[in-house]
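Reviewing the structure listed below.
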Amino acid sequence: MRVLALFLFALVAIIHQATPQCLTADDNRSGINPDLTGLSNLGFNLYRQLNPTGNFFFSPYSIWTALGMTYLGTGGNTQTQLETALGVTDKLNTYRLINSLRTISSGREENGVNFTFRAVDRIYVNENLPLVPCMRIYLQDLLQALDFSNSVQSAAVINNFISEVTNNRIKNVLTSDDLYRAEMVLVNAVFFKGTWQTQFKTKDTRDRPFQTLSPVSSSVQVPMMFTERNMNYGESTELGARLVELPYSGNIISMYLLLPENEGVDGWSQLVQNLNADRLSRAINNLQKRNVHLLLPKFKMEKTIRNELKESLMRMGVTDMFSTQKANLTGFAVLPQNLYVSKIIHKSFVEVNEEGTEAAAATVVVAVTRSGHSRVPLPIQFHCNRPFIFLLRDNVTKNLLFMGSYQDPRT
């Protein structure tokens, strides 16, 4: 069997059979559609399927990019299923969109913006893999040959790349077993570090109670940051939530806090079920400057998702690419045996404190062969002392970079 791996940092491994064709008839379009609605909805749908009960964090952008690179080599029903899940309609636009987001990221880093956001793609191919010529042209800047027969060394090379991109925050995503009979591994690694536009004062941080939801509601003392100032605030009946924006220095990327309007399990469930890209966009567009009394826990999370991610995608209708009989990954290389995706791995890290936020993630897919006011209003109480959702969003591209939930400080 040959293997395709995709990890979030993101890593994907893909292979191709039979008559090569880089683009379909529907792909012959000019221009680029910058709509990232599908990316956000993939993140929200995955969150609902994963249904975490404790603290949780992941990168919709990293997963979408890794799966998007996988999509470039699909055909038939495998392609159709991924189009539905990713919210895309043709390969050329998806290819251009992935490249555009990568270019924006590298351009900001070169221009010295006062935050760090790094998104890097790399495609590792078995040194003897007969890549389809047109695909080799499309992906030439991303390709690096490896000898996958030496799986220990290959895993070390890929892990070192991910660690370097993520400032050593994401380590040891792959093992040599993950690369068993691998032919191609596609990796997307993302890293963000930013300081708040207005930082919290450490002297105002102290232990305060946080009310959990499950398994039995209880109160836990956690380090809670505090500030009171004017910030963008809103209420969304569509989401069933109140929102606050915390911009990072540079005012390009912001954290959005979503606090359920109603307390308890019912309020939490309502918010999770209501989340989608259009509702979130409308809620953000309606934010207004208000004086807000904010409490927010300091926290650090590190999460690895393996089987749960594959199972969640299958429940969302992405089934064929995991099937030894139905997978159609024919857009990458000509081989005597079909490839299928055997596993998807995502690893992520986030730390939020008084200064700002540091976050990183990576994704890997493995494919194998068969075988204005008249008076000052009272401050609005926005106390994240019960479960809440947090999003890191690029305000220019509308890219949902990271998503997480803080439900239980003990997890």
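What the table shows:
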read-out: Volume per residue of the C-alpha convex hull in the chain, rounded to whole Å³; value: 141 Å³
read-out: Efficiency of FRET from Cβ geometry, residue 207 and residue 180, R₀ 56 Å, rounded to 0.05; value: 0.70
read-out: Two-site label geometry, residue 164 and residue 220: point separation in nm, points 7 Å out along Cα→Cβ; value: 3.8 nm
read-out: Contact order normalised by residue count of the stretch 163-258, Cα under 8 Å, 6+ apart, percent; value: 20 percent
read-out: Computed [θ] at 222 nm, helices only, for the chain once each DSSP H run of length n ≥ 4 contributes -39500 (n - 2.57); value: -8000 deg cm²/dmol
read-out: Loop-resident sites, the stretch 222-329, for chymotrypsin sites (Phe, Trp or Tyr not before Pro), counting at most 12 other Cβ within 10 Å (DSSP); value: none
read-out: Nonlocal Lys pairs with alpha-carbon distance under 21 Å, the stretch 241-362 (8 or more apart, or different chains); value: 8
read-out: Shape category assigned to the stretch 103-178 from the gyration tensor of Cα positions, a/c cut at 1.5; value: oblate
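Any read-out appearing in this document is the output of simple, stated calculations on the displayed coordinates, not a laboratory observation. Please read these numbers as outputs of a predicted model, since none were measured by experiment. Neighbour counts run over all protein chains shown; Cβ positions are idealised from the backbone, glycine included.
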